[in-house]
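For reference, the structure discussed in these notes is given below.
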Amino acid sequence: MRRLTEGRGLLFGGDYNPEQWPEEVWAEDAELMKAAGVNLVTVGVFSWARLEPEPGARDFGWLDRVMDLMAGAGIAVDLATPTASPPPWLGHRWPETLPVDESGHRLWWGSRNQFCPSSPVYRERALSIVTDLAARYAGHPALALWHVGNEYGQICHCDASAEAFRAWLRRRHGGLDALNEAWGTTFWSQRYARWEEVLPPRRAPYMINPTQSLDWRRFCSDALLEHFRAERDVLREHAPDVPVTTNFMGLFRPVDAWKWAAEEDLVANDWYPDPGDPLSPARTALVHDLMRGLGRGRPWLLMEQATSGVNWRPHNLPKPAGQLRLESLQALARGADGLCYFQWRASRFGAERFHAAMVPHAGPDTRLHREVRAHGRELRRLAAVAGQPVPARVALVFGWESWWALEERGRPSDRLNADEQLLAYYVPLWERGVSVDVVPPDADLGGYALVVVPNLFLVSDRQAAALTAYARGGGVLVVGPFSGVVDPDGHVRTGRFPVPLREALGASGEEWLPAEGEVGCRWSGGPGFTAHAWTELMAAEGAEAVAEFTEGELAGRPAILRHRVGDGVAWYVATMPEPAALAGLTARALADAGVRGAVADLPPGVEAVRRGEVLFLLNHGSATAEVPVAGPAEDLLTGAVTDGPVTLAPRAVAALRST
Ligand code: GAL
Ligand code: ZN
């Protein structure tokens, strides 16, 4: 990232698809980009058919002119490999490159993403165009970053994928006996006698073996990653100094982003907050923190966001004035060094003609474009923020494998979800302005004062031991319900649960009891609250019951437990408490850990986060807020010096640096 921001400052720009426009428009694009402070554009994401109009042909002339134009305008290019959307000729001549769904139906061209990650023909054709692209532009002065494919997530159930899946399973499990063991194939007479019988989870009469399905999800992520790596290696060979990335989609199931991020030079994300969702500001903050976590604390790139409404929700709310700036600065505050959009100029045709852009159909002389321009320019005032860290003393543990395992069919309840639990535990931290690192289940937890594990259904022995050692060693650990239930093969750990965390938690249970609706609870010696959908029959074994159920079969039984273990404290939450109760729990765990938020008594709707020397305050609420900050500070956005509370209108932002 440093290589990108050095000499350029914060990155600002978007996807640029000049192939949709006559060349006369390009010169105007470059002028408008300069006026808006654009310094990075992503080019070529969907240009395979244009670059290779028929198999083996090459047409680079237009791209040469685009690259030269950008170089002349001083705008860096994030050059994409075009392999997310193969031309129709690929599927037409080689139908085996087209993906097949779980019912055996082929998916056709006419949209995008129609490729099979395990198809040798797709691989060969993709690497061939990538090789020529890399060779041609490796030394081009505009080239600053490679963008591999787009939003990886394709899945294919065809025979070639089945073949690749078997090879992957051999590597993971060794022999067929080990596979039978891991998949528990004595259940429902599923024992495999030959490798050829082993299949992807295809449409079947009833529920699929959950371990087969879990391994399949692991495989699908790995198969795509293998393809990403193959393209990346070609790019690196030709341009060893140019960083390589691909764009994630936040909490997106198909790819295990922990594994992927380790293979990238920098982390990039596409994020489209839903303007109709009141939880959007917190959800977005969580995803931004995840991106920072994926890059192990390094700055990341917001590759795509929308200037206003998208066009892929059923009813697409626009962004009110000031919203694009607020959201963009939120990403900056949480560690992004680049703020880019999909896309530069709104398309006249194609499936996304009604998606907002930096230059709308009505042209540059519009409210929307003026906002874009003002935002691009004001980013120069914040140049000092580039490269700065967002320090956090709290870790939130999240892993894709556990998420996948929890979602397999045939569980006690589908109302307890890993991503929703993650957000539920994040919200009260966010509301208090407590910075959080999102970390994988095998992270080194040593540096954190508080570690929150909202749900870790699947846990390895090593991970459980590390969590236990963390608490024993003086950390504060909070564990949410239905954690520590299965091992990495998805087999239930037998004994009183959560088996591998029982010692740390000083408590254990014997039954998971999904509840009809709300369940009454009470803090011991304190007020009542409600929980919903999920309860567990627990017994304290050294822990103190700090809250108990007050009704139903579990009346009088522990709902929340706190255990002094070694030099630390471990909390267990055996239900899904209402938000106010989770906030109360969070406050107590923060007190145990001695952690405070960036600002005390943060008004509702206001986000506070410190990045480097700058305290960002962002008002997501609909009312003007008075934020009690102390000491003289300069607002980098306005140059004004304040001393004492800061008043923020709705959607206003302050970037305070102490003076
Ligand atoms: C992303 C994608 C872009 C565009 C955008 C629309 O999924 O990478 O190409 O489709 O969404 O919101
Ligand atoms: Zn396939």
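The values are calculated or read from the model by the stated rules, or taken from the named source; none is laboratory data. All values derive from a computational prediction rather than experimental measurement. Backbone-built Cβ (ideal geometry, glycine too); neighbour counts: all protein chains shown. Protein only, heavy atoms only, side chains kept; ligands, DNA and RNA dropped before computing areas. Shrake-Rupley method; radii C 1.70, N 1.55, O 1.52, S 1.80 Å.
For the reader, a short list of remarks on this structure follows.
- Here the Kirkwood formula, the inverse mean of 1/r across different C-alpha pairs, assigns segment 62-217 a hydrodynamic radius of 18.3 Å.
- Looking at the chain, the accessible area is 39 square angstrom per residue; that uses a 1.4 Å probe and ignores ligands, DNA and RNA.
- q = 0.11, 0.15, 0.21, 0.25 Å⁻¹, segment 222-301: log10 I(q)/I(0) [Debye, one scatterer per Cα]: -0.33, -0.57, -0.96, -1.21
- Alpha-carbon centroids, segment 285-303 and segment 126-183: separation in whole Å: 24 Å
- Each residue, Glu197 and Glu578, gets one label point 7 Å from its Cα in the Cβ direction; the gap between the two is 5.4 nm.
- Rounded to 5, percent antiparallel among DSSP beta bridges of segment 423-579: 75 percent
- Scattering curve values for segment 1-135, log₁₀ I(q)/I(0), Debye with Cα scatterers, q = 0.11, 0.19 Å⁻¹: -0.48, -1.05
- Using the average count of surrounding beta-carbon atoms within 10 Å as a protection proxy, the listed peptides 31-42, 386-397 rank, highest first, as 31-42, 386-397.
- Taking a point 7 Å from the Cα of Thr647 along the Cα-to-Cβ direction, the residues of segment 606-637 with backbone N closer than 19 Å to it are 606-607, 617-637.
- Chain lengthening between Thr494 and Ala539 when straightened (0.36 nm per residue, less Cα-Cα): 14.5 nm
- Computed from the C-beta positions of Asp567 and Glu226 and an R0 of 41 Å, the FRET efficiency is 0.40 to the nearest 0.05.
- DSSP-defined antiparallel bridges as percent of all bridges, the chain, nearest 5: 55 percent
- Scattering curve values for the chain, log₁₀ I(q)/I(0), Debye with Cα scatterers, q = 0.10, 0.11 Å⁻¹: -1.00, -1.19
- Accessible carbon and sulfur surface of the chain relative to its total accessible area, %, 1.4 Å: 50 percent
- Kirkwood analysis of the Cα pair distances in segment 385-497 returns a hydrodynamic radius of 14.8 Å.
- Convex hull of Cα atoms in segment 262-398, direction-averaged projection (nm²): 9.6 nm²
- In nm, spacing of pseudo-spin labels at Glu181 and Glu102 (7 Å Cα→C-beta vector): 2.8 nm
- Segment Arg596-Met207, extension gain: residue separation times 0.36 nm, minus the distance between their alpha carbons: 135.4 nm
- Taking the Cα centre of segment 333-433 as origin and assigning +1 to Lys and Arg Cβ atoms and -1 to Asp and Glu Cβ atoms, the resulting dipole is close to 600 debye.
- Magnitude of the charge dipole for segment 35-110, about its Cα centre and with charges confined to Cβ atoms of Lys, Arg (+1) and Asp, Glu (-1), is about 120 debye.
- Whole-Å semi-axes of the ellipsoid equivalent to segment 461-580 (Cα gyration tensor, √5λ, descending): 23, 17, 11
- Charge context of Leu513, other residues only, Cβ under 12 angstrom, K/R +1, D/E -1: -4
- FRET efficiency estimate (nearest 0.05) - Cβ-Cβ, Ala465 to Glu124, R0 56 angstrom: 0.80
- Inter-part distance where segment 389-439 and segment 54-74 are each reduced to a Cα centre, Å: 44 Å
- Summarising the label geometry, the points placed 7 Å from Cα in the beta-carbon direction at Asp444 and Arg3 lie 2.5 nm from one another.
- Dipole magnitude of segment 396-522, debye to nearest 20 (Cβ charges: Lys/Arg +1, Asp/Glu -1, about Cα centre): 400 debye
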